[in-house]
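Derivation of every value follows stated rules applied to the coordinates shown; laboratory data play no part. All figures in this text were calculated on a predicted structure; none of them were measured in a lab. With ideal geometry, Cβ positions are generated from the backbone for all residues, glycine too; neighbour counts draw on all protein chains shown.
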Amino acid sequence: MPPTPPPPGTPGSPEPITAEPPEAIARPLLTQSWLDLTFLHWAADPADVAPLLPPGTAPDTLDGVTYVGLVAFRMHRVGWLRLPGIPYLGTFPETNVRLYSVDGQGRRGVVFLSLDASRLLPVTVARIGFRMPYLWSRMAVRRSGGTVTYTSSRRWPGPRGARSRITVRVGEPIGEPTALEHFLTARWGLHGAFFGRSVYLPNTHPRWPLHRAELIECEEDLVTAAGLPEPVGAPVSVLYSPGVPARFGRPARPAGIRTP
C-alpha cells in the first residue's frame with residue numbers, strides 16, 4: 001500500500017538539497033541581485049526556533065541541528081516583473097536574520113525574522129504591502145583589499161539602535177561545498193505570512209560561487225533583537241560570495257496551490 005500522506009499543515013519529508021534550483025522561473029514576479037554576501041551561522045536548538053516559524057512549517061535540520069543565520073550583503077537593482085531593476089531605490093545594503101524551515105510539501109526554505117535595509121521607501125513598501133519584517137537602518141558596506149566590513153544601526157521601527165558590525169577576510173574559492181554549506185545556502189524559497197495566510201515564495205539563481213572567509217570582527221545584537229537567544233561562541237560557518245542574480249516566482253500556499 002502507498003504511504004499515508006501527512007495531515008495538512010504537517011511538515012513532510014524534506015526534499016533533497018540541490019546546489020541548482022529545482023525548476024526555472026520563466027515569468028518572475030521580482031528580480032534582483034545579491035552582491036558581496038557574508039553568511040554567518042550558529043547552531044541552534046530546533047525547540048528554540050520552532051515558535052518563531054509560520055504555521056505549517058517546522059525547523060529544517062541537518063543531523064538533528066538547525067541554524068540561525070546572519071547574512072549581510074548589497075541588494076542591487078530590485079525590479080518588478082520584466083521591468084529593469086531600479087538603480088537607486090532598488091539598490092541598498094541589507095542585513096537579515098534568518099531561520100531554516102520545511103513545510104508540509106517537503107519544501108525547504110528560509111524564514112526572515114528581520115531584514116535591516118538602508119532605503120526607507122522600499123522598507124515601507126515591504127512592510128505595508130508584503131508584511132515582510134523590514135526595518136530602516138543606517139548602513140554601509142566597505143571593501144578594503146581582501147576584507148569587507150558591514151555596519152548597521154537601526155532607526156525604525158525598533159528596537160531603535162539595534163546594530164551590527166561585521167568584518168571578514170575573503171579566502172579561497174570553494175570547489176565543492178560541504179553538506180552543511182549546501183544546507184545553509186542552497187535554498188530555493190522563503191516561508192512567510194501574508195495577511196495572516198502562510199505562503200511559500202520560490203526563487204532561483206545560479207549556483208553560489210562560495211569562498212571560505214575568516215571572521216575578523218562581529219559585534220551585533222540583531223539576533224537577540226529578533227527574539228532569539230544570544231549566539232554562543234564563534235559562528236560554526238563563515239562564508240563569502242561575490243553574489244548572484246535572483247528571480248522570485250509567484251507565491252504558493254502551504255498546500256502547494258498557487259495564489260491568485
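General remarks:
- A helix-only calculation puts the chain at -2500 deg cm²/dmol for mean residue ellipticity at 222 nm, using -39500 (n - 2.57) for each DSSP H run of at least four residues, averaged over all residues.
- Over region 45-133, Cα pairs under 8 Å with separation of 6+ residues give a relative contact order of 24 percent.
- Relative contact order (%) - criterion: Cα under 8 Å, at least six apart; region: region 37-248: 21 percent
- Placing unit charges on the Cβ atoms of the charged side chains and taking the dipole of the chain about its Cα centre, the candidate lying farthest along the positive direction among Gly90, Pro22, Leu135 is Gly90.
- Net charge of Cβ neighbours under 9 Å - reference Thr151; Lys, Arg +1; Asp, Glu -1: +4
- According to the Cα-based calculation, Rg over Rh for region 85-172 is 1.03, with Rh computed by the Kirkwood formula.
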